[in-house]
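A short worksheet on the structure shown next.
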Amino acid sequence: MSPALLAAAAVVIAGGVICLSARDARLALAGLGATLLVAPLIADPLPDPIVLAARAVAAALAVYLPWIVVRDSVPAIRGSLLGWPVEALVAAAAFVIGFGTAGLGGAPLGPAEAQGAGFALVALSVGPIVFGRDIVRLGSGAVLLVGGTLLVRVGLAGTPSALEQLVTGVLFVGLGGAVAFLAANAVAAGSAGGAILDDGAGGQDPRLDARPDRPTQVRGR
């Protein structure tokens, strides 16, 4: 067990918990950015500095694109229905399972911390993907699911090549762009009350209710 890898895994998991628990969209995106920024460091050996720099730029772009949308609107999202302590416990339990099962069925080529962190992110992503009612939360869950899957791959097969790291960075930028595109269209259509302006208690921004052209909102799970 490497203390540095364990610390990096803790930061990644903490970022995921903040991303899904915060009711401020900007804070949620900050947590997502921390997860994407530190995730490439959970590898042994570490990628080349140029590769790490490219992943850092990709993480910044993936978070900045949705932030462009939420910064000019009411940045309230629903957040976690269970609360951050429960989300943290779920992530911790998943990390223990992933860390403890590393090497079952064959010797892993990567660190067990990567598999543990990957399990934690996948476990965290289930809630927003299944029960999410706003675009930012749904998109964040999708990004965490992809990030967790890639970390499990690092734990099983070792440090990705430079080309694979580049493709991963482009993938995250594409996901961030998709979230920003959908959120911006929801705002333009006047249906952002159920998209990114959920106040966390089932309410909407009163400015949206005052709009005469606001369409009827259908709320579902």
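The values are calculated or read from the model by the stated rules, or taken from the named source; none is laboratory data. All values derive from a computational prediction rather than experimental measurement. Don't worry about glycine lacking a Cβ; one is built from the backbone with ideal geometry, like all the others, and counts go over all protein chains shown. In case anyone asks, the SASA skips ligands and DNA or RNA and just uses the protein heavy atoms, side chains included. Shrake-Rupley method; radii C 1.70, N 1.55, O 1.52, S 1.80 Å.
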- Query: Once fully extended, how much extra length lies between Val130 and Leu109, figured as 0.36 nm per residue of separation less the alpha-carbon to alpha-carbon distance?
  - Reply: 4.3 nm
- So Leu52 and Ala162, fully extended at 0.36 nm per residue minus their Cα-Cα distance, gain in nm 38.7 nm
- Query: Along the range 109-125, what does the Karplus equation 6.51 cos²θ - 1.76 cosθ + 1.60 (θ = phi - 60°) give for ³J(HN,Hα), rounded to whole Hz, x for Gly and Pro?
  - Reply: 8, x, x, 5, 4, 5, 5, x, 5, x, 4, 5, 5, 5, 5, 5, 6
- Quote the convex hull volume per residue of the range 1-102, based on C-alpha atoms, as a whole number of Å³. 91 Å³
- Under 5 Å from the placed amide H of Asp24, counting only residues 5+ away or on other chains, we find Ile77
- Item | 25 °C / 0.890 mPa s Stokes-Einstein diffusion coefficient of the range 54-109, Kirkwood radius on C-alpha pairs, µm²/s | 163 µm²/s
- Along the Cα-to-Cβ line of Ala7, 7 Å from the Cα, sits a label point; which residues in the range 23-46 have backbone N less than 17 Å from it? 35, 37-44, 46
- How would Phe131, Phe119 rank on accessible area, largest to smallest, probe 1.4 Å? Phe131, Phe119
- Task: For the range 6-33 and the range 117-167, compute the distance between their C-alpha centroids and round to whole Å.
- Result: 13 Å
- Task: Could you tell me whether the range 70-191 comes out rounded, prolate or oblate from its Cα gyration tensor? Rule is a ≥ b ≥ c as square roots of the eigenvalues, rounded for a/c under 1.5, then prolate if a/b exceeds b/c, otherwise oblate.
- Result: oblate
- Count charges around Leu20 for me, please; just the other residues with Cβ under 12 Å from its Cβ, Lys/Arg as +1, Asp/Glu as -1. +1
- Query: Quick one: Karplus J couplings for the range 60-71, per residue in order, coefficients 6.51, -1.76, 1.60, θ = phi - 60°, nearest Hz, x for Gly and Pro?
  - Reply: 4, 5, 4, 8, 5, 4, x, 5, 4, 6, 6, 5
